[in-house]
Structures are given as structure tokens and as C-alpha cells.
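Everything on this sheet refers to the single structure shown next.
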Amino acid sequence: MKPEILCRVYDLLLDELGPQNWWPAETAFEVVVGAVLTQQTKWANVEKAIDGLKEHDLLEVQALAKADVALLEELVRCCGFYRQKASRLKEIAMFFAEHGMDKVFSMHIEQIRSTMLSLKGIGNETADSIVLYAANKPKFVIDAYTTRMMKCIGIQGNYMQLQGMFEKELPTDVDIYKEYHALIVEYSKAYCGRNRCSECILTGIE
Ligand code: SF4
């Protein structure tokens, strides 16, 4: 891997798109809910479900922990896999209701990560999104967009390998990790997903 290539990619993306200031949520719990709902669906669907949960005053730990499952299923139906997602959300809310979200998020970063991973339906990407954007701790999120972009510039690896590369090269900084992931997603949506490779700003990066 070329020295500081990931820092140069960050600079290029930031110059191209400007700051994204993610995650689009009002509270840490909203981040958690969004991170679960966004699995295998578009963000527009997540926004719709979040709006519905807000309208029913369910975007709060205690309320969601006690929510009627049928209502939850209806509210998250637009996100697909609605039965699993409704039951996962309820279980996560029950977990936070029992253990306290602030208490969980005050644990060591790797403890938060492993705790999230121990919950049903939470894999690496969702766990790291929660660690970074809800717990506000420096853990780099890898997703399919990141994997594809890295492959385009000659960097390959599994989830943990790619995460290790980013965390090794970048300063350990929550804001940079947040911004970088957001830039990758937004760039990928605007370019990679629209067959705009001929205009790609990363072409030939060394
Ligand atoms: S625009 Fe094309 S070349 Fe550039 S990162 Fe996306 S997929 Fe790769």
C-alpha cells in the first residue's frame, strides 16, 4: 500500500464534496435505530420509518422496549425484512433499557463493540456505526462502498483488514472517521452507483 494513500483519498473526497457532518440523527438512540434499519435498504426508507417511529413517540429507549411488535413491524415495513428488524429493534431497546445506554457507551471501545456484536442481528458494520456515531468513539466503519472504492485503488482485504489499514494510517480522531465514512458513502452514491467511473477523482491516485 502506498504511503498515506488513505489520507490523500480523504483530502480528495473532502475537496470534491465538502463536509457531510454525519450521522443525520437527533439522538444517539436514533443513530442506533437508523444503523439497524439501514441494513440492506436505502436511506430514504430509513427516514420514512424514523419519521413514523417519531410520530408514535417510539424513538426513545423505554418506549421502544415496551412497544407493540405488530405496530413496530408496520412502522418499519418500508425498510424490508420488517419482522426481523422490528424484533431486533425491540431487543436492542430492551437491552439498553436494562443496562442504560450511557453506561454501555461509557465502556471501553472494544467492550462496546463486542457488546453490540453479541446482540442479535448486529454485525461488524452496524456495531461500528453505533460505536462511531452513537457512542462517539473512534472505530472506522467499513461498508460495501468502502470495499469497492478501496479495490478501485488497489487495496483489498476483509472487513477487519480494511478497518485495520484505515485505523493505522489515519489519526485516531472521531470526527475524521465520521467524515471519511460519510464522504465514501456520498461519493459512491453520486459516482460509483451511476457509472461515472470515467470522471472518478481517484483515477490514477498513487
Ligand atoms: S467512481 Fe468508479 S472508479 Fe471511482 S471509486 Fe467509484 S467505482 Fe471506483
Only listed residue being assigned by TED's automatic domain parsing to the domain that holds L89, part of a helix (DSSP H, G or I) and among the charged types (D, E, K, R), chosen from E110, E179, E167, E186: E110
L59 being assigned to a helix (DSSP H, G or I), more than 21 Å from S118 (Cβ to Cβ) and in the same structural domain as G121 (by TED's automatic domain parsing): no
Hits in the stretch 159-185 - residues which are within 14 Å of the ligand (Cβ to nearest atom) and β-branched (V, I, T): I184, V185
Residues that are more than 10 Å from the ligand (Cβ to nearest atom) and touching a residue at least 60 places away in the same chain (Cβ under 8 Å), drawn from the stretch 186-204: E186
Filter result for A44 (open to solvent by less than 70 Å² (accessible area, probe 1.4 Å), under 22 Å from I130 (Cβ atoms) and in contact (Cβ under 8 Å) with a residue 60 or more places away in the chain): no
Qualifying residue in the stretch 87-98 (condition: surrounded by fewer than 17 Cβ atoms within 10 Å (Cβ to Cβ) and assigned to a loop (DSSP other than H, G, I, E, B)): no
Tabulated pairs, the stretch 145-165, first modelled with pLDDT of 95 or more and of a type in the set (F, W, Y), second open to solvent by less than 40 Å² (accessible area, probe 1.4 Å) and within 11 Å of the ligand (Cβ to nearest atom), C-beta under 6 angstrom, 6+ apart or interchain: Y145/I184; Y145/S188
Residue match in the stretch 17-26 (condition: among the hydrophobic types (A, V, I, L, M, F, W, C) and more than 25 Å from M150 (Cβ to Cβ)): yes
Extreme residue, farthest from the chain's Cα centre (by Cα), among residues of the stretch 1-41 that are open to solvent by 80 Å² or more (accessible area, probe 1.4 Å) and farther than 22 Å from F166 by Cβ: E26
Residue match in the stretch 137-155 (condition: in a loop (DSSP other than H, G, I, E, B), open to solvent by 60 Å² or more (accessible area, probe 1.4 Å) and out of contact with any Asp or Glu (no Cβ under 6 Å at 6 or more places or on another chain)): yes
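The values are calculated or read from the model by the stated rules, or taken from the named source; none is laboratory data. Bear in mind that the values here come from a model prediction, so they are computed numbers and not experimental data. Here the Cβ is made from the backbone with ideal geometry for all residues, glycine too, and neighbour counts use every protein chain on show. When the accessible area is computed, the model is the full protein with side chains, heavy atoms only, and any ligands, DNA or RNA have been set aside. Shrake-Rupley method; radii C 1.70, N 1.55, O 1.52, S 1.80 Å.
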